[in-house]
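Read through the structure below, which is laid out as structure tokens, and then see the notes.
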Amino acid sequence: MRPLAGIRVVEAASYISGPFAGLILADLGADVTKVEPPRGDPYRRFGPQDDDGGVIFRASNRNKRSLTIDLTTDAGVAELQTLLDGADVLITNWRPGVAEGFGLEADSVRDRWPRLVWARVSGYGQSGPMAALPAFDSLMQARVGFADSIGDEPALVPTYVADKVTAAFVAQSALAALVQRAATGRGCVVDIAMLDAFAYFDTPDLFAGHQEPGRTDDRVLRMLRAPRAIQTADGWLVMAPTTGQQVKRAIVAVGLEDRLAELRSQPDAIAVSERFFELVAPRIGERTTAEWTAIFAEADVPASPVMTKAQHVDDEQVTHNAIYRTVADPTFGSVRRTRHPALFDGEPVETDDLPCPAISARADDSATT
């Protein structure tokens, strides 16, 4: 099964928001050519490095071919235009105004490549008071109110969550535009701002307390903060009893059935949740993570051990789902890959499993690098 077989994507993007979108489309079977400046995507030089370059870069740029193009030259712009002649999707994440310097205005793109879907990723939008400012993941976490909801003091989630969420919406929007093209015969310019995407992602939390203008309700934030990792005798556990029956079964499982009346006397469901975790935390510390995991599974109480990345990879359900697989790699011999999460008629997507490309001067050279 290869849902996007025959779809050709040109990805002229750097860092995460654009390239991860390209990876998603590649993992769905599209043919993705990554266009890089002469020195390569700057993300190649970002973060931890080994003899083969940036380890973070490789994770988002497998399954693609690479073509080095100097877009500051007329010849480079002409080469990009030739690529677009045969493309279905173009992904860029330049700041507003940069594309115009390469001769790519929205109207001219629509005229010259009427079937092309151009996904333009920006930080704050193509216009507005902040459109020209630099934008990165941490800034989005701050600006959407996400960082303010983590704890008592503002904090950042230690992952590029806004970048990855934006990338998922870029891929989704590009596919929606392709569906529209099938009906109308025309592509379109799709604009996705990181600010907009992350705000949409946060909507279930945000609007639960701020849907009515001028009104702030902190009950949802209290509800979200109530669950927490609880220390066991040898590690950590997360519990998520949601229904009244699950709370009751959890209380009974930890031997605190005599406190059920106290929980029932709480003024609302949020207070019940807060008091529940206060009561069970000392008991959880009396047994090992494995013991509690088994006890809660038997009682049908939602719970999970807090795993390290290494433990996650070896987890029995992860292994059963075949989320990861080992493939040949010309540089490392073999590497672990993550499949696209969707199964089509029960089968994973087939792809070419291309390694992360080296910086190449020709698109057809990189297939073997």
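Considering only residues that are open to solvent by less than 30 Å² (accessible area, probe 1.4 Å) and of a type in the set (Asp, Glu), which ones fall in the range 42-53? Spell out how you get there, then give the answer.
In the first step, residues of the range 42-53 are kept if they are open to solvent by less than 30 Å² (accessible area, probe 1.4 Å); the result is 43, 53.
Passing the criteria: none in range.
Scanning the range 130-139 for residues that are open to solvent by less than 30 Å² (accessible area, probe 1.4 Å) and in a loop (DSSP other than H, G, I, E, B) gives Ala131, Ala135.
Among the residues of the range 162-204, the one identified as among the acidic types (Asp, Glu), out of contact with any Ser or Thr (no Cβ under 7 Å at 6 or more places or on another chain) and farther than 21 Å from Ala106 by Cα is Asp202.
Checked against (1) crowded, with 16+ Cβ neighbours inside 10 Å; (2) more than 30 Å from Pro348 (Cα to Cα); (3) modelled with pLDDT of 95 or more, Ala30 passes all but a single condition, namely (2).
List the helices (runs of 4 or more DSSP H) that sit entirely inside the range 285-346 and contain at least 2 residues that are among the aromatic types (Phe, Trp, Tyr) and open to solvent by less than 40 Å² (accessible area, probe 1.4 Å).
Details: elements: 289-298, 309-313, 316-321.
Counting at least 2 such residues, we get 289-298.
Of all residues in the range 344-361, exactly one satisfies the criterion of being over 23 Å from Ser14 (Cα atoms) and touching a helix residue (DSSP H, G or I) at 6+ places or on another chain (Cβ under 9 Å), namely Val349.
Residues that are of a type in the set (S, T, N, Q) and open to solvent by less than 50 Å² (accessible area, probe 1.4 Å) within the range 167-202 comprise just one, Ser173.
Taking every residue in the range 294-318 that is under 18 Å from Met239 (Cβ atoms) and pairing it with any residue that is open to solvent by 80 Å² or more (accessible area, probe 1.4 Å) and of a type in the set (Val, Ile, Thr), at least 6 positions away or on another chain, the pairs with Cβ-Cβ distances below 8 Å are Pro302/Thr242.
Scanning the range 42-59 for residues that are in contact with a Ser or Thr (Cβ under 8 Å, 6 or more places away or on another chain) and not in a helix (DSSP H, G or I) returns a single hit, Asp52.
Summed over the range 269-290, residues that are out of contact with any Pro (no Cβ under 8 Å at 6 or more places or on another chain) and touching a residue at least 40 places away in the same chain (Cβ under 8 Å) total 10. Restricting the range 140-166 to residues that are among the hydrophobic types (A, V, I, L, M, F, W, C) and crowded, with 20+ Cβ neighbours inside 10 Å leaves a set whose member that is nearest to the chain's Cα centre (by Cα) is Val165.
In this entry, Ile56 passes the filter for residues that are more than 17 Å from Val189 (Cα to Cα), touching a Gly at 6+ places or on another chain (Cβ under 7 Å) and open to solvent by 40 Å² or more (accessible area, probe 1.4 Å).
Give the residue that is modelled with the lowest pLDDT, with candidates limited to residues of the range 258-312 that are among the small types (Gly, Ala, Ser) and under 16 Å from Ala240 (Cβ atoms). Give the derivation first.
Filtering the range 258-312 down to residues among the small types (Gly, Ala, Ser) leaves 261, 265, 269, 271, 273, 281, 285, 290, 294, 297, 299, 303-304, 310.
After this cut, where a residue has to be under 16 Å from Ala240 (Cβ atoms) as well, the list is 269, 273, 281, 297, 299, 303-304.
Numbers: Ala269: 84, Ser273: 89, Ala281: 96, Ala297: 96, Ala299: 97, Ala303: 95, Ser304: 96.
Looking at the filtered set, the residue picked out is Ala269.
Of the residues Arg39, Arg62, which is more than 23 Å from Val161 (Cα to Cα) and part of a loop (DSSP other than H, G, I, E, B)? I'd like the intermediate steps shown before the answer.
Working: Arg62 fails: more than 23 Å from Val161 (Cα to Cα).
None of the others qualify; the one that does is Arg39.
When the range 71-124 is filtered for residues that are surrounded by fewer than 15 Cβ atoms within 10 Å (Cβ to Cβ) and assigned to a loop (DSSP other than H, G, I, E, B), the ones remaining, listed by number, are Thr72, Thr73, Gly86, Gly97, Glu105, Pro114, Arg115.
The values are calculated or read from the model by the stated rules, or taken from the named source; none is laboratory data. No experiment lies behind these values; they were computed from the predicted model shown. Reconstructed Cβ throughout: ideal geometry from the backbone, glycine too, with neighbour counts over all protein chains shown. Accessible surface is based on the protein model in full, side chains and every heavy atom, while ligands, DNA and RNA are left aside. Shrake-Rupley method; radii C 1.70, N 1.55, O 1.52, S 1.80 Å.
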